[in-house]
Each structure stands twice: as C-alpha cells, then as structure tokens.
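The values are calculated or read from the model by the stated rules, or taken from the named source; none is laboratory data. Being a predicted model, the structure only gives us computed values, none of them experimental. For neighbour counting, all protein chains shown are included, and Cβ atoms are generated from backbone atoms with ideal geometry for every residue, glycine included.
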Amino acid sequence: MNDQQNNITAEDKIDEPNEYSIRTMLGDFYNRKMTSIVVLVMLDSLIAIALAVYAAIRFFNSGQTRNQIMFATIFLTAVIIMALLKIVSWQIIHRNAMNRKLSKIENQIAQLNKTMTDLCDKQP
C-alpha cells in the first residue's frame, strides 16, 4: 500500500465515529431531499396528537361508560399511530445510514479493483 491509500483508510476510520452520531442521522433525515417525507410524518403526528388530546378531553367530560370506552380507544389508537410514525422515521434514518455505508463499501471495492488491475498490469 502506498501513502495515499493509508491516508484514505485513516480518514475513513476518523470519520466513522461522527457518522454514527444521532446529530448526523437527524441531519440526514431533515435534509432537502427528505422534505416530503418529513412534512408527511410531521403532519400525521400533529393530527394524531390533536386527536389524542381531543379524545382525552372528551373522555374526562363524558359521563357514560360507553362513551368513555370509545374515547379511550380513540386515544390509544392515536398514541399507537404516533409511535408507528416515529418507528417509520427511525427506519428511514437507518436506511439512509445503510445506503451511505454501502456506497462507501462500493467505493472501497472499486479502489481495490483498480489497485489490483494496476498491480497485474505491472507484472510481466
């Protein structure tokens, strides 16, 4: 290996801890490419929060057991929807991280292939 290849692997090792930070992952999620998904998730979360608050208020103001059960079910459904939206967001963040890792591996394989072909061409 020459010095340039040593520098590349050293830089990759230096960048690795920064790549896995929560701040970096959130930065990948809240970028310009992901605007439509972020808006959709945030809008759905706001609707679910509003529905949960409405159901909670109506639950405590209701006098009939049947209505209390209905509003409790609506509240729990809204909370589950919010949790699922957070899980979807987290999976998108990890998908972006995996795509970045795969492209990094592809670049390393291409560099290795180029190095191997150069070495093979130099040998008689």
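Okay, here's what the table says:
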read-out	value
Filtered residues of region 15-33 (kept if outside any helix (DSSP H, G or I), modelled with pLDDT of 75 or more and not polar (S, T, N, Q))	Tyr30
The lone exception for Asn67 - which of (1) surrounded by fewer than 15 Cβ atoms within 10 Å (Cβ to Cβ); (2) in contact with a Ser or Thr (Cβ under 6 Å, 6 or more places away or on another chain) it fails	(2)
Only one of Val79, Val53 that is more than 19 Å from the chain's Cα centre (by Cα), among the hydrophobic types (A, V, I, L, M, F, W, C), under 26 Å from Ile22 (Cβ atoms) and at pLDDT 95 or above	Val79
Criterion violated by Ser62 - all others in (1) touching a helix residue (DSSP H, G or I) at 6+ places or on another chain (Cβ under 8 Å); (2) of a type in the set (Ser, Thr, Tyr); (3) modelled with pLDDT under 90 satisfied	(3)
The listed residue being loosely packed, with under 13 Cβ neighbours inside 10 Å and more than 34 Å from the chain's Cα centre (by Cα), out of Leu112, Leu119, Leu102	Leu119
So Leu51, is it in a helix (DSSP H, G or I) and without any contact (Cβ under 8 Å) to a residue 24 or more places away in the chain	no
Matching residues in region 89-114 - criterion: being among the β-branched types (Val, Ile, Thr) and modelled with pLDDT of 90 or more	Ile105, Ile109
